[in-house]
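Written below as structure tokens is the structure these notes are about.
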Amino acid sequence: MDMIGQQLMNAVMLGTMYSLVAIGFSLFFGTMNVIHFSHGDISMLGAFIALFFVPIITQYSVLGSVIMFIGAIVIVAVLGIFLSGLVIQPLQSSPQLYTLLATLEAGLVIREAIRLFYPGGKMSQKFPIIFPSGGFSIGGLTIRFDQLFILAIGVAVFVATVLIVNKTSLGMAIRAYSQDKEASMMMGVSESKVIAVTFALGSALAAIAGILHGTYYREVIYTMGLTSGIIGFSAATIGGLGSIWGAIVGGYLFAFIQTSVSAFVPGGSEYRDVIAFGVMILFLLFRPTGILGERQSERV
Amino acid sequence: MKKMRTLFLPILVILALVISGCAVSPGSGSGNGSKKQTVKIAFIGPLTGGNSRIGLGGRNSARLAVYDANHNKNNKYHYELVEYDDENTTQAGNQVALKASSDPSVIGGIAHYGSVVALATVDTYHKAGFPTMIWGAVHPDITLGNDYKEIFRVPGTQIDQNKQAAEFVTKLGFKKVGVLYDTTDYGRGHFKYFKENLQKLGGQIVAEMPVQPDQQDLNAELTKIQAKKPDLIWFAGLAPEGVRVKKQMDAMNIKTQFMGVSGLVNEEYNSALGAEGSEGSLAIIDGAPTSSLPGGEKFMKDYKARKYSEAPEAYGPFAYVSTDLMIQAIEKVGPDRKKVTNWLDTKVKNIDSMIGKVTFNEHGQNDMPLFTPMVSQDGKWVPYAESEYQTGKRKLPGKK
Amino acid sequence: MLEINGLSSGYGKIEVLHQINLHVDEGEVVSVLGANGAGKTTLMRTIINLIHARSGTIKYRGKDITHLKTHQIHALGIGIVPEGKRLFEKMTVMENLRMGCFLEKNERVIAERIEKAFDMFPRLKERKDQLSGTMSGGEQAMLTIARGTMSDPDLLIMDEPSFGLAPVLINEMFSIIKRISQEGKTVLLVEQNAWKGLEISDRGYLLQKGEVILEGKSSELKENSLVKKAYFSN
Ligand SMILES: Nc1ncnc2c1ncn2[C@@H]1O[C@H](COP(=O)(O)OP(=O)(O)OP(=O)(O)O)[C@@H](O)[C@H]1O
Ligand SMILES: [Mg+2]
């Protein structure tokens, strides 16, 4: 029993990080109809930018960690806006394939930039431990403090995102824009502002995922965005592209499948990705619009 | 404005291609001042990436061998080392293997640290008739799994290594072993021979988890292993993955003893984990620590004198001896690939070298069953026998 | 109030509007008439810069708005009831109304306007929490008009607001437009229902193949044979 609980916790950690990336994919597709293939690399960038703040973080310094989080998030949000202006908006009226290629290339450029220009960027970088270490046991289940922090931050961010999109006027603008661009502009919604906010929000979430990844595994490497990007995209797709809750559900589902295969199938680790992606594909065969997608896929 | 932006895309694409294309860059050898005929030898290894410390240590050692040869007045030829980066990936490995072996001016190669890479390239060397000394890869099949005359290896194989590793583990009293191995031939090979030998000695594998070498999250696997309460967690893979395993063990507060294979003996392991994280980790290496090799002291002195910025690491001596043997062959029979291959194939019997005697068997494999268990102490790999763990001054973290 | 001079626009290589001159004065109701495909919708969309003008100028209260963004034009006080309703279908009636006054941040003002909209269309009040996409065509038409007035615009541009309404409701709708006009708003109206449109408007323009071929007082246009022809030959 405690084994199942422990594995559940492992899956929840993974799922939290996947979902944070998946939401961005969903947001971008929902509002702009684009699949932003460098989104995983944005997440990686978040982790590396956070590393620049390392000198101010002594182990578990609360203020240092907060500054690092906020600093990295803000910088990545701005970079996200910049990237959308560079490779996505100019191609809006071109065939989708162009956007796809452009975002793929942008991801490559980001990765190579880190690999070449970050000191020692080809190797894993040590990431600071920003949450208290240690933990406690209840009924044979060991819960680490960093896991609690990651979960708490994840849930808080999910709730905040849903609130922003559903309850604020900015969120209303995003939703209106995603349902009918022109009509929203006739009501006074600024297109460039919606795009900027969407990219800032999605990129900020990705940065958070990157930082959590860093502190959870205690290391980051320039290729980490490749995996999180592919998984985030898959998670958003089975959740129903455009749906935020869908992306969250998709992220956790992917993590549960992976972890279950590793944990409960003998020798399963080797096949965990194959099986997880396989299940995703099967899912899409039977529910092409994703778990929470409606007939035409609910948008944002 | 819009036009300007759309113009930017092709530029971006070109930039990206340029950046990704210039990853492979052969270096240059030592200077050439004499009137002797110049003979080129290739050095191939991971010069960048997570295993680059080992690669650069091997490269420096090969440079040292070339330097020594060029300063030996009796030598007929002047040698030049052509350096290639295999990035420890099969893709880059295949590219540089082809590049080196298809250049007729390069007579032979000192190649590869990664077994997976070496397994992928031996065919190329064989087809090109390119005599190759494997300096750091230990999978048995690289030499034993084929009849290629061109492939030689000074370091021992995984078979011998794991026989001794199992004996070491048993001697320390570890009986229940939880295993993580990477799913490459390298990891699988190690695990196969480790398991065989451990079971012969009465040990037990309580959990075995194959993981992909790039798998980031190992929490599920470690949770499962830990549930079996092993007294040793043994990992077969290279140092960057080993770092990942150990970091996650630490995060999960797993205090069980950790041990790796020869691929873990890389100072990168200690520096990535910090002295605190690496303290007490076990592993095993081919041969012996440089200082206790027959020619070890001279090697270290010469190596220091050359002021290389990287340490020779675990396989430096093997790279040196491999290069030296290649040069001896060329001195004897001239810069001719076929003749060099034949000489190495038939004449290397009980040859003295800085690591001791070298004898190539019918597979070109050195029969040298010498291995040394290592322990990480104060952020450095040291021979277990010379460590404070041996004297009892320190206790392995997993020992009660 | 609105002054259009020499305006041309179109789609891709095709120019649809040629050298349009048109003006709307403060307080007027002006009808734009024309057969299907004459370019009425294209004109409305060009005014709010959803289609870029190729030449000519559009001035609103003396200010050149030809190259302003759509949302900026709206912010100047221009409300829009677009052709084809264009509701936010995944939003409730309430949310659609709130979108109508997206730039208004004062909650009290918003509440008043919503009250007023419900007053105008009591039907919407009953359905306030329904998703607009699930409403009947008539209800949707009402919501579109209500949404267009939510920002309390000075100029209301309406493109076929009566489309899809039952005859009874059409009459009701025209009285509402009249009411809007009596409240002091200026209206630029495209109406399929030419007679009814002319009845409530002061002046009118007749478009044919993207050109203004006739303009004048509504009462005169009603009698004009060209107008009759435009609406019956198609
Ligand atoms: N998106 C478009 N692309 C190309 N041509 C278009 C487009 N929209 C309209 N047109 C063409 O422009 C011309 C004018 O169309 P418009 O919609 O302005 O007519 P309309 O007067 O509003 O007609 P209706 O009474 O049917 O609404 C037509 O010939 C139409 O085919
Ligand atoms: Mg029309």
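The values are calculated or read from the model by the stated rules, or taken from the named source; none is laboratory data. Because the structure is a prediction, the values reported are computed rather than measured. Methodologically, a virtual Cβ is constructed for each residue, glycine included, from the backbone with ideal geometry; neighbour enumeration extends over all protein chains shown. The protein model used for the area step is the full one, side chains on, heavy atoms only, and it has no ligands, DNA or RNA in it. Shrake-Rupley method; radii C 1.70, N 1.55, O 1.52, S 1.80 Å.
For segment C:115-172 and segment B:272-340, what is the centre-to-centre distance using only Cα atoms, to the nearest Å? A separation of 85 Å, based on Cα centres. Selection among C:S181, C:F163, B:P397 by position relative to the dipole of the protein assembly as shown gives B:P397 as farthest towards the positive end (Cβ unit charges, Cα centre). Computed from backbone phi with θ = phi - 60° and the Karplus coefficients 6.51, -1.76 and 1.60, the 3J(HN,Hα) list for segment C:91-97 is 10, 6, 4, 4, 5, 4, 5 Hz; x is used for glycine and proline. Among A:278-288, B:47-57, B:289-299, A:167-177, the peptide with the highest mean count of other Cβ atoms within 10 Å heads the list, and the full ranking is B:47-57, A:167-177, B:289-299, A:278-288. When +1 charges are put on Lys and Arg Cβ atoms and -1 charges on Asp and Glu Cβ atoms, the dipole computed for the protein assembly as shown relative to its Cα centre reaches about 1020 debye. Only Lys, Arg, Asp and Glu carry charge here, each on its Cβ (+1 for the first two, -1 for the last two); on that basis chain B has a dipole of about 320 debye about its Cα centre. Based on the convex hull around the alpha carbon atoms, chain C presents an average projected area of 12.4 nm². Cross-link check: pairs B:K195/B:K357; B:K195/B:K229; C:K40/C:K128; C:K59/C:K125 evaluated at a Cα-Cα cut-off of 25 Å; pairs beyond the cut-off: B:K195/B:K357; C:K40/C:K128; C:K59/C:K125. Enter the Cα centre distance for the pair segment B:157-207 and segment C:31-90, rounded to the nearest angstrom. Here the two parts' Cα centres lie 77 Å apart.
What translational diffusion coefficient, in µm²/s and rounded to a whole number, does the Stokes-Einstein relation yield for the protein assembly as shown at 25 °C and a viscosity of 0.890 mPa s, taking the hydrodynamic radius as the Kirkwood radius over Cα pairs? The estimated diffusion coefficient comes to 76 µm²/s. Largest accessible area first, the listed residues C:K116, B:K304 line up as B:K304, C:K116 when surface is computed with a 1.4 Å probe on the assembled protein chains.
Around the amide H of A:F37, modelled in the peptide plane, lie the amide H atoms of A:T103, A:L104, all under 5 Å away and 5 or more residues distant in sequence or on another chain. In units of the rule-of-thumb radius 2.2 N^0.38 Å, segment B:201-250 shows an alpha carbon radius of gyration of 1.14. The trypsin sites (Lys or Arg not before Pro) of segment C:1-102 that meet both conditions, a loop assignment by DSSP and at most 11 other Cβ atoms within 10 Å of the site Cβ, are C:K13. Calculated on the Cα set of segment B:273-400, radius of gyration then Dmax: 18.1, 60 Å.
Find the lysine pairs in segment B:55-151 meeting two conditions, Cα atoms under 28 Å apart and a separation of 8 or more places or different chains, and report how many there are. Lysine pairs meeting both conditions in segment B:55-151 amount to 5. Size descriptors for segment C:147-216 (Cα atoms only): Rg and Dmax, in that order, 12.5, 34 Å. Note on A:F53: accessible area is roughly 50 Å² with a 1.4 Å probe, heavy atoms of protein only. Using a probe of 1.4 Å, the accessible surface attributed to B:R394 totals some 60 Å² when neighbouring protein chains are kept in position. Model label points for C:K59 and A:S133, set 7 angstrom from Cα along the Cα-to-Cβ axis, are 7.5 nm apart. Heavy-atom accessible area for A:L91, with the other protein chains in place and a 1.4 Å probe, reaches approximately 10 Å². Enter the Cα centre distance for the pair segment A:217-270 and segment B:234-250, rounded to the nearest angstrom. Centre-to-centre distance over Cα atoms comes out at 22 Å. The alpha carbons of segment C:1-90 occupy a box of 35, 31, 24 Å along the principal axes, longest dimension given first. Taken residue by residue and averaged, Cβ atoms of other chains lying within 10 Å of the Cβ of C:90-99 number 4. Only DSSP H runs of four or more residues enter the estimate; each adds -39500 (n - 2.57), and after division by the residues of chain B the mean residue ellipticity at 222 nm equals -13500 deg cm²/dmol. Coupling constants for segment A:183-190 follow from the phi torsions by the Karplus curve (6.51 cos²θ - 1.76 cosθ + 1.60, θ = phi - 60°), and in residue order they are 4, 5, 5, 5, 9, x, 7, 8 Hz; glycine and proline get x. Over the C-alpha trace of segment C:83-152, radius of gyration and Dmax come out as 10.8, 31 angstrom.
D by Stokes-Einstein for segment A:52-143, Kirkwood Rh over Cα pairs, 37 °C, 0.692 mPa s: 197 µm²/s.
Scanning residues 5 or more positions from B:K175 or on other chains, those with amide H under 5 Å from its amide H are B:D231, with H placed 1.01 Å from N in the peptide plane.
Phi angles of segment C:52-58 translate, via the Karplus equation with coefficients 6.51, -1.76, 1.60 and θ = phi - 60°, into HN-Hα couplings of 7, 5, 8, 7, x, 10, 10 Hz per residue; Gly and Pro are given as x. Per atom type, segment A:1-98 shows carbon and sulfur on 77% of its accessible surface, probed at 1.4 Å. Sorting the Cα pairs of chain B by distance into bins of 10 Å, from 0 upward, gives 5, 23, 31, 22, 12, 5, 1, 0 percent per bin.
Straight-distance candidates among the aspartates and glutamates for linking to C:K85, with alpha-carbon spacing under 13 Å and chain neighbours fewer than 8 residues away dropped: A:D180, A:E182, C:E139, C:D159, C:E160.
Considering only Cα atoms, the convex hull volume of segment A:172-300 works out to 118 Å³ per residue.
Note on surface exposure: B:D147, B:D86 rank B:D147, B:D86 by accessible area, highest first, 1.4 Å probe.
On the basis of the beta-carbon distance and an R0 of 30 Å, C:R108 and A:I70 show a calculated FRET efficiency of 0.30.
The C-alpha atoms of segment B:212-363 occupy a region whose extents along the principal axes are 59, 36, 25 Å, arranged from largest to smallest.
Distances between placed amide hydrogens fall under 5 Å for B:V211 paired with B:Y181, B:D182, B:T183, all partners being 5 or more residues away or on another chain. Counting 0.36 nm for each residue step from B:K171 to B:T89 and taking away their Cα separation leaves a gain of 25.9 nm.
With the Kirkwood sum run over all distinct C-alpha pairs, chain A has a hydrodynamic radius of 19.5 Å.
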